[in-house]
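As structure tokens, the structure follows; a few thoughts come after it.
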Amino acid sequence: MVDSILFWNAVALEANRVSHTDGSKEQNGPTLSSRALAIIHLAMYDAYAGVVKNSALPPYLPQLPQPAPGASAASAVTSAAHATLSSLFPSQEAFFNSKRADFDAKRAEKGDVDANNAGHEFGLVVAQKILGERKDDPNDSDAGYVPSSQRGKHRVDPDNPNQGFSAPFYGARSKGFAITKRHVLEESPFDNDEYLKALRQVRGKGIAPELMGTLPDDIEARTVDETIIGIFWAYDGASGLGTPPRLYNQIVRRVAIAKGNTEAQNARLFALVNAAMGDAGILAWEQKYIHDLWRPVLGIREHDESFGPAATATNNNISDDGDPSWLPLGAPASNSTGAKNFTPPFPAYPSGHATFGAAALHITRLFYHVSHCGSDDLFDGLDFVSEELNGKNKDNKGAVRPRHRRKFDGGLWQMIIENGLSRVYLGVHWVFDAFSTDNNGEPNLSRNVGGVPLGIAIAEDIFNSGLKRSMVGPRT
């Protein structure tokens, strides 16, 4: 029997990749792509659960109709997936039709047929209800948004001045997927010792390669290992790659297949994972535009208060902790020869990568009964190849990056931490955008600072409340 959840999850991830590659720009960027994957997987889950009627699979949406007798779960999942995908990515409908034909042919080979079409009809109903639930969600437009000129506030990347702003109203205007509250963070550090320590770290660890020779002797530069970590976790909406939610789904697939999940387990797991990332996209972006913290490319260049639109005149003794010519390694413009690496077009705090990664991977840990914050064994005997480093995809100079197999002895927890730190090594985030650190530089999760604590809170909320339709409305 072909696992319908894994099959259509793969199709959804390919849709994400293609939408960032072919110019159609459907469900592009981290917010809209996480929303799309949540809709698709919640529809597949309710379609499957509604047919199998297992007490371990309570419905996400209330008051769904009952499928007709004899309905096929695989048909229900297929119709729910196909309908939501076609609605969200209309330019790819021919591809979805071909995948549906492939799947139906594989089922027919196994004698699995939907004789009375009941599963198909039920899946369509579920899809329509899920799409209807989300029809009023905001888009990621920056129309009407005016950035602050105050010191410390986010503005466009000076090395990519035409980038605009992504999703400034999305978080506040979106209702939740499965959260029971709007989780918030402490204020980010700024102009204190913790901030200065983070600035000195990213100044060396995140600098553009051609500028490494400009670093003072007391600033530690990025290592080869750290460069690889930065690129490995990127997936910054690049051509041929898509967004971080695609990457985290790929990792969860690796675990689910290795664990030998049943189809029912996969229906639940991937609904949990993608609902968590749907809510991570909402809450991380709400917090980003509340705190409105500038990125390192501005913070380092304008560290001295005599620089920037809110500058004040000084005695002209420029602070040695800043560098007005500093540039980051940047989020990689993979498969776009001649394009610049860039700083993403939204505020720094908290890190979206850190929030998505912690939400997706920690809810997976909870699914497999791992609740503590620390190393786990869920990736024992496994490794993972990021498509940023798969021997096929190219850097922005047109060179094919080598294939790199990476192991994680600390399991998904190691991934959560490494994923958060990776953004420092690209020079696009401060470390506290992911988490606070202790005096030894180790993560300090006792403070509610950064995307990792936010992602963990989202995961625990959704898992403990049972994956129910959220009653949390928009903030504004």
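The values are calculated or read from the model by the stated rules, or taken from the named source; none is laboratory data. Keep in mind the model is a prediction, meaning the values are calculated, not measured. Positions of Cβ are generated from backbone atoms using ideal geometry, with glycine treated the same way; all protein chains shown enter the neighbour counts.
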Limited to region 87-102, what total is found for residues that are under 12 Å from Gln27 (Cα atoms) and either outside the structural domain of Trp8 (by TED's automatic domain parsing) or touching a Ser or Thr at 6+ places or on another chain (Cβ under 7 Å) (or both)? 2
Tally the residues that are touching a strand residue (DSSP E or B) at 6+ places or on another chain (Cβ under 7 Å) and surrounded by fewer than 18 Cβ atoms within 10 Å (Cβ to Cβ), restricting the search to region 222-244. 0
Return a yes/no flag: does region 368-387 have any residue that is within 27 Å of Gly204 (Cβ to Cβ) and outside the structural domain of Tyr45 (by TED's automatic domain parsing). yes
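Go over the candidates Lys407, Lys392 one by one and state the one that is under 23 Å from Val452 (Cα atoms) and assigned by TED's automatic domain parsing to the domain that holds Ala358.
Details: Lys392 fails: under 23 Å from Val452 (Cα atoms).
Residue meeting the stated conditions: Lys407.
State the number of residues belonging to region 198-223 that are free of Cβ contacts under 8 Å to residues at least 40 places away in the same chain and part of a helix (DSSP H, G or I). Spell out the reasoning first.
The initial filter retains those residues of region 198-223 that are free of Cβ contacts under 8 Å to residues at least 40 places away in the same chain, namely 204, 210, 212-213, 215, 217-221, 223.
Within this subset, residues satisfying the condition of being part of a helix (DSSP H, G or I) are 204, 210, 212-213.
Residues meeting the conditions: 4.
Out of curiosity, is Ala56 surrounded by 15 or more Cβ atoms within 10 Å (Cβ to Cβ), of a type in the set (Gly, Ala, Ser) and within 28 Å of Ala276 (Cα to Cα)?
Working: surrounded by 15 or more Cβ atoms within 10 Å (Cβ to Cβ): no; of a type in the set (Gly, Ala, Ser): yes; within 28 Å of Ala276 (Cα to Cα): yes.
No.
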Evaluate region 158-168: report whether one residue or more is crowded, with 21+ Cβ neighbours inside 10 Å, closer than 30 Å to Ala333 by Cβ, among the aliphatic types (A, V, I, L, M) and out of contact with any Asp or Glu (no Cβ under 7 Å at 6 or more places or on another chain). no
Checking Glu194 against (1) at negative phi; (2) in contact with a Leu (Cβ under 9 Å, 6 or more places away or on another chain); (3) not aliphatic (A, V, I, L, M), which test does it fail? (2)
Hey, Asn396 modelled with pLDDT under 95, at negative phi, over 20 Å from the mean Cα position of the chain (by Cα) and not hydrophobic (A, V, I, L, M, F, W, C) or not: no
Cross-chain or 6+ apart pairs with Cβ under 6 Å, region 447-460 first and closer than 15 Å to His372 by Cα and in the same structural domain as Trp430 (by TED's automatic domain parsing), then among the β-branched types (Val, Ile, Thr) and in a helix (DSSP H, G or I): Gly455/Thr355; Ala459/Ile363
Name the residues in region 319-364 that are among the hydroxyl-bearing types (Ser, Thr, Tyr), closer than 27 Å to Ile219 by Cα and buried (at least 24 other Cβ atoms within 10 Å of the Cβ), would you? Thr343, Tyr349, Ser351
For region 12-28, give me each residue that is crowded, with 24+ Cβ neighbours inside 10 Å and assigned to a helix (DSSP H, G or I). Ala12, Ala15, Asn16, Ser19
Output the residue which, of all residues in region 420-476 that are among the aromatic types (Phe, Trp, Tyr) and in a loop (DSSP other than H, G, I, E, B), is nearest to Lys153 (Cα to Cα). Trp430
